[in-house]
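Peer 1: Here you go, one structure.
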Amino acid sequence: MELPVPVRDEDGMPPPEDRRHRIRRRWLTAVVIVLLIGIPAGYLVISAGQSRESGRNKEAESAATGLQPLRPSKMKRRIFEVPIPLGATGVRYFETSNWKTSRLYVQFDVTSGRLDTFLTEMGTNRSALEDDAITITPRDRRTVGWNFDLPGHDWVGTRHHQKGPRPSQDVVVDLTDPGFPRVYVVSTTTP
């Protein structure tokens, strides 16, 4: 098999490039530049925008004082072991954290059946709820502005303590409307 011999002029130089070949080479060069530079640059721009937005969300969450009308993330619910039932309404939460302890304050409304589901998933049950037991400390109540001194309310509560490093929960339930109780939870963890 014989290899083709490249065409050369009398000085040993290759012939000048024709117009069609030059245009095709320039397009190929432009495509390679876009692939090697443009795609990674675009990825960096998109990534920076997402990171900046995430930082803004975390900054707003950190600057928040008091309960926020949001559902805590799945990760927070898992860390603090607060299984908010599906269908819960009026969900609000607030998180505090320092070098010693972290607390997640959660408030939500549920149906009577979902209250049982919540208590079971947390590791306790309705029989653990004691009449007039306000288990959430005055300090924690002040932190988020909860007032359990309201007359005419049917308050029940329980403490669900777990061996560290698992969190412990203080739960107060307003059973004034037994079909739609309001649940207040403070889950505390010490790293």
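Peer 1: Can you report the number of residues in the stretch 75-95 which are among the basic types (Lys, Arg) and more than 13 Å from the chain's Cα centre (by Cα)?
Peer 2: Count: 1.
Peer 1: Consider Leu150 carefully, then state whether it is open to solvent by less than 20 Å² (accessible area, probe 1.4 Å) and not β-branched (Val, Ile, Thr).
Peer 2: No; evaluated as a whole, the condition is false for this residue.
Peer 1: Does the stretch 92-111 hold any residues that are open to solvent by 40 Å² or more (accessible area, probe 1.4 Å) and either assigned to a loop (DSSP other than H, G, I, E, B) or out of contact with any strand residue (DSSP E or B) (no Cβ under 8 Å at 6 or more places or on another chain) (or both), and which are they?
Peer 2: Listed by number, the residues that qualify are Asn98, Trp99, Lys100, Thr111.
Peer 1: On to the next question. Which residue pairs have Cβ atoms under 9 Å apart, sit 6 or more places apart or on different chains, and have a first residue in the stretch 145-169 that is in a strand (DSSP E or B) and a second that is basic (Lys, Arg)?
Peer 2: Between residues of the stretch 145-169 that are in a strand (DSSP E or B) and residues that are basic (Lys, Arg), the close pairs are Val156/Arg126; Ser168/Arg159; Gln169/Arg159.
Peer 1: Looking at (1) buried (at least 18 other Cβ atoms within 10 Å of the Cβ); (2) not in a helix (DSSP H, G or I), which is the only condition Leu119 fails?
Peer 2: It fails just one condition, (2).
Peer 1: Let me ask you something else. Please determine whether any residue of the stretch 59-73 is open to solvent by 80 Å² or more (accessible area, probe 1.4 Å), at pLDDT below 90, in a helix (DSSP H, G or I) and over 30 Å from Trp146 (Cβ atoms).
Peer 2: no
Peer 1: If I ask for residues that are open to solvent by 20 Å² or more (accessible area, probe 1.4 Å) and closer than 24 Å to His161 by Cβ, which ones from the stretch 75-91 would you list?
Peer 2: Met75, Lys76, Arg77, Arg78, Ile79, Glu81, Pro83
Peer 1: Residue by residue through the stretch 128-143, note down the ones that are open to solvent by 20 Å² or more (accessible area, probe 1.4 Å) and either of a type in the set (Lys, Arg) or part of a helix (DSSP H, G or I) (or both).
Peer 2: If the condition is that a residue be open to solvent by 20 Å² or more (accessible area, probe 1.4 Å) and either of a type in the set (Lys, Arg) or part of a helix (DSSP H, G or I) (or both), then Ala128, Pro138, Arg139, Arg141, Arg142, Thr143 are the ones that fit.
Peer 1: So which residues in the stretch 154-191 are out of contact with any strand residue (DSSP E or B) (no Cβ under 9 Å at 6 or more places or on another chain) and within 18 Å of Asn125 (Cβ to Cβ), if there are any at all?
Peer 2: Across the stretch 154-191, the qualifying residue is only Pro178.
The values are calculated or read from the model by the stated rules, or taken from the named source; none is laboratory data. This is a predicted model, so every value here is computed, not measured. All Cβ positions, glycine included, derive from the backbone under ideal geometry; neighbour counts span all protein chains shown. Keep in mind that these areas ignore ligands, DNA and RNA; they rest on the heavy atoms of the full protein, side chains included. Shrake-Rupley method; radii C 1.70, N 1.55, O 1.52, S 1.80 Å.
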